[in-house]
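The values are calculated or read from the model by the stated rules, or taken from the named source; none is laboratory data. None of the values given here were measured: they were computed from a predicted structure. Neighbour counts run over all protein chains shown; Cβ positions are idealised from the backbone, glycine included.
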Amino acid sequence: MFRIILRRLLQGLLTLLLASIIIFGATEILPGDVAEAVLGQNRTEEALATLREQMGLDRPAIVRYADWLGGMLQGDLGTSLATDRPVADMIGSRIWNTLRLALLAAAISVPLSLALGLWAAMRAGGAVDKTMAMTTLALIAVPEFFIGLVLMKIFAVELGWLSATANTRPYYDFWQNFRALALPVATLSFAVLAHMMRMTRSSVINIFTSAYIEMAALKGLPKRRLVLRHALPNALSPIFTVIALNLSYMVSGVIIVETVFGVPGLTRLLVDGVSLRDIPLIQACAMIFGSVYILLNLLADILSILANPRLRYPK
Amino acid sequence: MSDILSIRNLRVEGRPPGGAYVPIVKDVSLSVRKGEVLALIGESGSGKSTISLAAMGFARPGCRIAGGEVWLNGYDIMKLSPRERHALRGDAVSYVAQSAAASFNPALRIGRQVIEAPLWHGAGDAATLTAQATELYRKLDLPNPESVGHRFPHQVSGGQLQRLMAAMAMSCGPDLLILDEPTTALDVTTQIEVLKAFKDIIREQGTAAIYVTHDLAVVAQVADRILVLKDGEMVEEGTTDAILHNPQHDYTRKLMAAVRPAPHLVDHVAARDADVPVLSVQNVTAGYGTVTILSDVSMEVPRASVVGVIGESGCGKSTLARVVAGLTPAREGRIELNGKQVEAELDARPREALRDCQMVFQMADTALNPRQRIRDILGRPLQFYHGMTGRKQADRVAELLDLVDLPASFASRYPAELSGGQKQRVNLARALAADPRIILCDEVTSALDTVVAAGVIELLKSLRDRLGVAYMFISHDLSTVASFADEVVVLYAGRVVEKGPSKAVFQAPWHPYTHLLLASVPEMRQGWLEGVADTAEARAASTGSVQIGAKGCPFANRCAKVITGTCETVAPPVRDLPGGLTIACHLPPEALPA
Amino acid sequence: MSDATDPIAPRASVFAGLRLTWTAIIAGSVLLFWFTLALIGPWIAPHGEAEIISSTTFAPIGEGGILGTDKLGRDVLSRLIYGVRTTMLLALVTTVISFACGVTLGFAAAILKGWFDVIVSRIVEAFMAFPSTLLALVIIGVFGTSITVLVLTVGLVLSTGVFRVSRALGYDVGVMDFVEAARARGEGTWWILTREILPNSMAPLIAEFGLRFTFSILFLSGLSFLGLGVQEPAADWGLMVQENVGGLFLGSSAALLPAACIASLTISMNLLVDWFQQRQQGETVLEKIDQ
């Protein structure tokens, strides 16, 4: 089993490396080069040459890649083209805002969706299950900004209970923080909650068709025990995958939510970077999000391996 | 009144997905006394499983109990609340399913699952129940009774798991035990030990039992009374002795007639002389990935003859067919069709070679494309091999359907509109459309009911006589093979242990494995089980499980006549015996079982 | 062991055995409505796509236009009508692109197996190692915003998922005995793909198309909402939300209406797909305990 885990770890590293190649390589496919893109239409040959030298574009791609990757590993994320500031500085001050949002949303949505998913599975076919199925189906079909705007309209504009902008200050007390963060966290949670709940439910329901669940039912065990003791341990693998998938799905959710509520987070920086075509900034942000995503998937796979008795207890 | 269970006028309805309810069990009544075993027998769709579950007041998803009374220990359980009824399951009545491998939860230890029902119903604490379970394991002859409960289901062999399921069912001390085809999924050599264990434990505990099966020979061993069912209705009921020896109803007689006599009791056809064999397999080794399934297999199929390939699940008999067809390329060895060598890879074979050798699969329904009409299914090989189109093709399709005894109107049907037996006839017709010299039949009758299967065999025989086509007939069912094969090849763990004319193979001397296999085929004679289960051979066979890729003789670990020190390490010599028989065994010919 | 004919046999059509339900009818009607509007929109819209009809910006419903005006004083209703065309057309084109790439490569990988499968699967895995939004942002960041870049990017991002589904389907159907029978007959890859595998994969592929279409709408409108998708003055629902968010505090519905339109479209599509797949779901053992 340890060999399987080790192999999976190595695979993860390889994926990370591939990801970095794609991120770096994307900028290389550009017709012309980054310098041309930065200077745009009104460029002079002179300015181009200067900029190229400044950015080190006259060196071969492989050397620049090695340089860039080496820098990344040492925490040197390059210099922003738009602001001329080190990317690390720009990110450092904002990463906490994004992380806080994501962590709070995860802390709410993961346990809630598991509980609701199991509950729905236990009541499969009943009125509760059907209502929940409809609601979640609608929720996953709705854009995040719609949920955000509706919540904002109701709780910030009409009722005025909560804040529409998620700016927090270090001196805020709990309630001030709550007022500021409630709406973005709720929006983000909604976005992944429905997905995770539906997939938890179907993972468990899938197991219900197994002969061993019928066997357990014919032992006279109550539903709760059938679901929690017999179905759940076998549904763990798919559920871990679902959680990882949705936590990484939060990345796109966070981008929208930060825009809707004006959160000064990492993804706002990325979106601004994309519109200004600030390539070092885009690369750094992409690497950060990409790594988190890959690590989460890695974690889910390892947990799945650990949850499989066939691998834990070989013949 | 000592009836443990009494069912009166039971009606159960089933609903296909999206459809309306239709009756599947119609007005069935039965009763089981204390200590009595009642067998429900019938073909698929007879409702036997459904009735047995109804005895627990349970209906499978998509079914519902529409009427009738189910009296258990003097209470009509259909009048109880769902909760009260559910409380009886795993307490007063318990269940043994067909596949133990699927019915044990893979994520939980066996011991916990065995004592789960009594623990939940408050029959004792975990320690007492575990001690009782260990006692049960011992009675069921399970190896390592002390520690087997700590294992996970995937760590235990199929036959042991099936016995453990019996322990799971008996752990709550039920008044009624329901056994739903509990040995059907097992190989014959494993079936004996399990059957014996079931029978002993039922007798010893004096439990009433319902035994559901389609196998009359098995019924003869375990049942006191038999209830014959057809299409959800009762046909005949009586003591085992009366039903087996004096059946009153036509349907029962038909069922009995479809059962073939034991292989060694058949009048075997004499092998025919032939010049160049249609198919010759020489020293073939094959497998998937790093696993080797077949090693050094050689065999021949003479023109217009039937060669049976027999062996238990996992012995590589299906792989052999796939290797011949080119679906699984052989790693080593030669394959010759009509005396000409063909490539191992399918893509490298000329079209005539493909045409000459056709294959018919086990699962009749998955072998037909559900989105094509029968006319297209049969028309394609006609066009592909013979360039036949239009009117000519349509005429030939009608001819082919006629050849397999199906009406020409079936051409416009889809496979889903055909029964299992009809589908298998279409599969056969598709193979015949190519005008092949040999047809590879991979367990073609195993998924069919006995009566239907007998019809398909008759058809195969008549086609051979009329068209001169040869068959490689792969089956685990020795009786069927014995009834029409000219020659037989016995495979064990991917190797040929014995081959020769049927007459020679099914008569002494035998390879020890062939002997065990033949002895294990249940006979429709009461008391047969006791006679066979206590032999040294059966005991030796039950101690080991099939090992693939063994250094010496693969059967060494289960052989009663093993020569310790030789058999496990040295590959057995292949001996030619009189009568065209070939046996791979270390034993000198005179020491072989006779 | 079956020798009984199934009373309700699956027929050749993937739509056989479906019963109309009210949800399906309503969802289908909504989709039909938007689809018709996308076709005939420009002829029935009261005003032009970018025409400024009033000096009042963010006029509420009933003032200015029927549904009010937006941040520049344009007619919200007209822009919604023009927007359905942009939104649906873009989503359709990207979905078709993703299916063209994904299905072809997916089935090819499943049938050809070997090195082709390994290489394509690895590349797709590498792309899937990124959150899809991030991948799109990087590409747009490098190539800039134009409709072509947008369509190709989203098409590429979606195609990875389609590839995965088709490959799995190809593998599942490809090991069925009837495909083996065709292989043993000597049929070529093209025949096996078009006559054996594809017809038996239609139902899941249709469902997948519906889901990808929904996803495409969400994805594109998300990008537009970030200002990285469709650019002004074109009318696109996602873009309209972005333009008019500011009006939310002035009592304007100019941001909420297009968002609601997107929701109606995607919810309907999801309901329809759900209905289409409903056949496979039956009772569970748990329900039987209560009976």
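Considering B:E487, B:E417, which residue is surrounded by 20 or more Cβ atoms within 10 Å (Cβ to Cβ) and of a type in the set (D, E)? Walk me through it before giving the result.
Working: B:E417 fails: surrounded by 20 or more Cβ atoms within 10 Å (Cβ to Cβ).
Being surrounded by 20 or more Cβ atoms within 10 Å (Cβ to Cβ) and of a type in the set (D, E) holds for just one of B:E487, B:E417, which is B:E487.
Restricting to strands (runs of 3 or more DSSP E) lying wholly in the range B:1-95: which have 3 or more residues that are under 29 Å from the mean Cα position of the chain (by Cα)? Before the answer, list the steps.
Details: elements: B:3-14, B:22-33, B:37-41, B:63-72.
Where strands (runs of 3 or more DSSP E) fall fully within the range B:1-95 and carry at least 3 residues being under 29 Å from the mean Cα position of the chain (by Cα), they are B:3-14, B:22-33, B:37-41.
Examine the range C:178-199 for a residue that is part of a helix (DSSP H, G or I), of a type in the set (K, R) and more than 9 Å from every other protein chain (Cβ to nearest Cβ), and state whether such a residue exists.
Step one: of the range C:178-199, the residues part of a helix (DSSP H, G or I) are C:178-185, C:189-199.
Subset that is of a type in the set (K, R): C:183, C:185, C:195.
Within this subset, residues satisfying the condition of being more than 9 Å from every other protein chain (Cβ to nearest Cβ) are none.
Checked the range C:178-199: no residue is part of a helix (DSSP H, G or I), of a type in the set (K, R) and more than 9 Å from every other protein chain (Cβ to nearest Cβ).
Which number in (1) within 12 Å of another protein chain (Cβ to nearest Cβ); (2) modelled with pLDDT of 90 or more marks the one condition that C:I140 misses?
(2)
With the condition kept exactly as written, say whether any residue in the range B:136-144 is crowded, with 20+ Cβ neighbours inside 10 Å and in contact (Cβ under 8 Å) with a residue 40 or more places away in the chain.
yes
Can you tell me which residues in the range A:219-230 are farther than 10 Å from C:I289 by Cα and more than 9 Å from chain B (Cβ to nearest Cβ)?
Taking the range A:219-230 as the starting set, the residues that turn out to be farther than 10 Å from C:I289 by Cα are A:219, A:224-230.
Of everything in the range A:219-230, those that are farther than 10 Å from C:I289 by Cα and more than 9 Å from chain B (Cβ to nearest Cβ) turn out to be A:R224, A:L226, A:V227, A:L228.
May I ask you to list the residues in the range B:102-119 that are surrounded by fewer than 19 Cβ atoms within 10 Å (Cβ to Cβ) and either assigned to a loop (DSSP other than H, G, I, E, B) or out of contact with any helix residue (DSSP H, G or I) (no Cβ under 7 Å at 6 or more places or on another chain) (or both)?
If the condition is that a residue be surrounded by fewer than 19 Cβ atoms within 10 Å (Cβ to Cβ) and either assigned to a loop (DSSP other than H, G, I, E, B) or out of contact with any helix residue (DSSP H, G or I) (no Cβ under 7 Å at 6 or more places or on another chain) (or both), then B:P106, B:R109, B:R112 are the ones that fit.
Looking at B:A107, is it over 14 Å from B:A169 (Cα atoms) and either facing another protein chain (nearest Cβ under 9 Å) or β-branched (V, I, T) (or both)? First the steps, then the outcome.
On the way: over 14 Å from B:A169 (Cα atoms): yes; either facing another protein chain (nearest Cβ under 9 Å) or β-branched (V, I, T) (or both): yes.
When the stated conditions are applied, B:A107 passes them.
In this structure, is B:D187 acidic (D, E) and at pLDDT below 90? Please lay out each step first, then the result.
Details: acidic (D, E): yes; at pLDDT below 90: yes.
Taking the combined requirement at face value, the residue satisfies it.
Is there a residue in the range B:398-408 that is within 12 Å of another protein chain (Cβ to nearest Cβ) and crowded, with 19+ Cβ neighbours inside 10 Å?
Our first condition is that a residue be within 12 Å of another protein chain (Cβ to nearest Cβ); within the range B:398-408, this holds for none.
No: zero hits.
Look at C:A207 and say whether it is surrounded by fewer than 22 Cβ atoms within 10 Å (Cβ to Cβ), in a helix (DSSP H, G or I), more than 10 Å from every other protein chain (Cβ to nearest Cβ) and touching a Phe, Trp or Tyr at 6+ places or on another chain (Cβ under 6 Å).
Yes; evaluated as a whole, the condition is true for this residue.
Scan the range C:213-231 and give yes if some residue there is surrounded by fewer than 17 Cβ atoms within 10 Å (Cβ to Cβ), within 30 Å of C:T148 (Cα to Cα) and more than 14 Å from chain B (Cβ to nearest Cβ), otherwise no. Let's see the steps before the verdict.
So in the range C:213-231, the residues surrounded by fewer than 17 Cβ atoms within 10 Å (Cβ to Cβ) come out as C:231.
Applying the additional criterion that residues be within 30 Å of C:T148 (Cα to Cα) yields C:231.
Those still in the list that are more than 14 Å from chain B (Cβ to nearest Cβ) too: C:231.
Yes, the range C:213-231 has at least one match.
For B:N144, indicate whether it is away from chain A (no Cβ under 14 Å), within 30 Å of the chain's Cα centre (by Cα), polar (S, T, N, Q) and outside any helix (DSSP H, G or I). Step through it out loud before you land on a result.
Details: away from chain A (no Cβ under 14 Å): yes; within 30 Å of the chain's Cα centre (by Cα): yes; polar (S, T, N, Q): yes; outside any helix (DSSP H, G or I): yes.
Yes: the conditions hold for B:N144.
Within the range C:254-275, count every residue that is of a type in the set (S, T, Y) and either surrounded by fewer than 20 Cβ atoms within 10 Å (Cβ to Cβ) or under 19 Å from A:S163 (Cα atoms) (or both). Step through it out loud before you land on a result.
Within the range C:254-275, the first condition is being of a type in the set (S, T, Y), and the residues that meet it are C:264, C:266, C:268.
Filter again for either surrounded by fewer than 20 Cβ atoms within 10 Å (Cβ to Cβ) or under 19 Å from A:S163 (Cα atoms) (or both), leaving C:264.
Residues in the range C:254-275 being of a type in the set (S, T, Y) and either surrounded by fewer than 20 Cβ atoms within 10 Å (Cβ to Cβ) or under 19 Å from A:S163 (Cα atoms) (or both): 1 in total.
Residue check, A:N246 against (1) out of contact with any His (no Cβ under 7 Å at 6 or more places or on another chain); (2) at pLDDT below 85; (3) more than 9 Å from every other protein chain (Cβ to nearest Cβ), all met but one. Which one?
Going through (1) out of contact with any His (no Cβ under 7 Å at 6 or more places or on another chain); (2) at pLDDT below 85; (3) more than 9 Å from every other protein chain (Cβ to nearest Cβ) one by one, A:N246 breaks only (1).
This table checks each residue for (1) crowded, with 16+ Cβ neighbours inside 10 Å; (2) in contact with a strand residue (DSSP E or B) (Cβ under 6 Å, 6 or more places away or on another chain); (3) over 30 Å from B:I243 (Cα atoms); (4) among the basic types (K, R).
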| position | (1), (2), (3), (4) |
| --- | --- |
| B:S545 | no, no, yes, no |
| B:R558 | yes, no, yes, yes |
| B:L581 | yes, yes, yes, no |
| B:P588 | no, no, yes, no |
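Quick one: what pairs do we get from the range B:417-438, first residue closer than 18 Å to B:R322 by Cβ and at the interface with chain C (Cβ under 9 Å from one of its Cβ atoms), second of a type in the set (K, R) and surrounded by fewer than 24 Cβ atoms within 10 Å (Cβ to Cβ), C-beta under 9 Å, 6+ apart or different chains?
That search, which allows pairs on different chains as well, returns B:R430/B:R380; B:A434/B:R355.
Return the residue satisfying two criteria in turn: it lies in the range B:389-433 and is out of contact with any Asp or Glu (no Cβ under 8 Å at 6 or more places or on another chain) and not in a helix (DSSP H, G or I), and of such residues it is nearest to B:G379 (Cα to Cα).
From the range B:389-433, those out of contact with any Asp or Glu (no Cβ under 8 Å at 6 or more places or on another chain) are B:389-407, B:409-414, B:417-418, B:422, B:424, B:426-433; that's our starting set.
In the following step, the residues that additionally are not in a helix (DSSP H, G or I) were identified as B:389, B:404-407, B:413-414, B:418.
On the way: B:T389: 8, B:V404: 15, B:D405: 17, B:L406: 16, B:P407: 16, B:R413: 13, B:Y414: 14, B:L418: 18 Å.
Filtering first and then ranking leaves B:T389.
Tally time: how many residues in the range B:389-404 are within 28 Å of B:K461 (Cβ to Cβ) and charged (D, E, K, R)?
The qualifying residues number 4.
Is there any pair linking a residue in the range B:439-466 that is in a helix (DSSP H, G or I) to one that is crowded, with 23+ Cβ neighbours inside 10 Å and modelled with pLDDT of 90 or more, with Cβ under 6 Å and at least six apart or on different chains, and which?
So the pair list comes out as B:V456/B:Q424.
Being under 19 Å from C:F215 (Cβ atoms) and facing chain C (nearest Cβ under 7 Å) is the filter here, so list the residues in the range A:145-180 that pass it.
A:F145, A:F146
Out of the residues in the range A:117-139 that are surrounded by fewer than 21 Cβ atoms within 10 Å (Cβ to Cβ), under 30 Å from C:S216 (Cα atoms) and not charged (D, E, K, R), state the one that is farthest from the chain's Cα centre (by Cα).
Ranking the qualifying residues of the range A:117-139, first place goes to A:T131.
So that you can scan it fast, the table gives a plain yes or no per residue for (1) buried (at least 17 other Cβ atoms within 10 Å of the Cβ); (2) not in a helix (DSSP H, G or I):
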residue	(1), (2)
B:G531	no, no
B:A538	yes, no
B:S542	yes, no
B:A550	yes, yes
B:T566	no, yes
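Please count how many residues of the range C:229-261 are over 14 Å from C:A59 (Cα atoms) and out of contact with any Gly (no Cβ under 8 Å at 6 or more places or on another chain). Talk me through it step by step, then tell me what you get.
Going through the range C:229-261, the residues over 14 Å from C:A59 (Cα atoms) turn out to be C:229-243, C:258-261.
Among the residues that remain, those that are also out of contact with any Gly (no Cβ under 8 Å at 6 or more places or on another chain) are: C:231-234, C:241, C:243, C:259-260.
So the answer is 8.
Does C:V173 meet the test of being free of Cβ contacts under 8 Å to residues at least 60 places away in the same chain, within 18 Å of C:A91 (Cβ to Cβ) and either part of a helix (DSSP H, G or I) or away from chain A (no Cβ under 14 Å) (or both)?
Values: free of Cβ contacts under 8 Å to residues at least 60 places away in the same chain: yes; within 18 Å of C:A91 (Cβ to Cβ): no; either part of a helix (DSSP H, G or I) or away from chain A (no Cβ under 14 Å) (or both): yes.
No.
Return the residues of the range B:309-339 that are away from chain C (no Cβ under 14 Å), in contact with a Ser or Thr (Cβ under 7 Å, 6 or more places away or on another chain) and not aliphatic (A, V, I, L, M); say none if nothing qualifies.
If the condition is that a residue be away from chain C (no Cβ under 14 Å), in contact with a Ser or Thr (Cβ under 7 Å, 6 or more places away or on another chain) and not aliphatic (A, V, I, L, M), then B:E312, B:R331, B:E332, B:G333, B:E336 are the ones that fit.
I'd like to know if the range A:231-239 contains one or more residues that are within 12 Å of chain C (Cβ to nearest Cβ) and either in contact with a Lys or Arg (Cβ under 7 Å, 6 or more places away or on another chain) or surrounded by fewer than 23 Cβ atoms within 10 Å (Cβ to Cβ) (or both). Give the derivation first.
Filtering the range A:231-239 for residues within 12 Å of chain C (Cβ to nearest Cβ) gives A:231.
Add one more test, that the residue is either in contact with a Lys or Arg (Cβ under 7 Å, 6 or more places away or on another chain) or surrounded by fewer than 23 Cβ atoms within 10 Å (Cβ to Cβ) (or both), and what stays is none.
Looking for residues that are within 12 Å of chain C (Cβ to nearest Cβ) and either in contact with a Lys or Arg (Cβ under 7 Å, 6 or more places away or on another chain) or surrounded by fewer than 23 Cβ atoms within 10 Å (Cβ to Cβ) (or both), one finds none in the range A:231-239, hence no.
If we scan the range A:228-237, do we find a residue that is of a type in the set (K, R), closer than 20 Å to A:R201 by Cα and free of Cβ contacts under 8 Å to residues at least 24 places away in the same chain?
As a first pass, look at the range A:228-237 and keep what is of a type in the set (K, R): A:229.
Now drop any that are not closer than 20 Å to A:R201 by Cα, which leaves A:229.
In the following step, the residues that additionally are free of Cβ contacts under 8 Å to residues at least 24 places away in the same chain were identified as A:229.
Yes, that holds for at least one residue.
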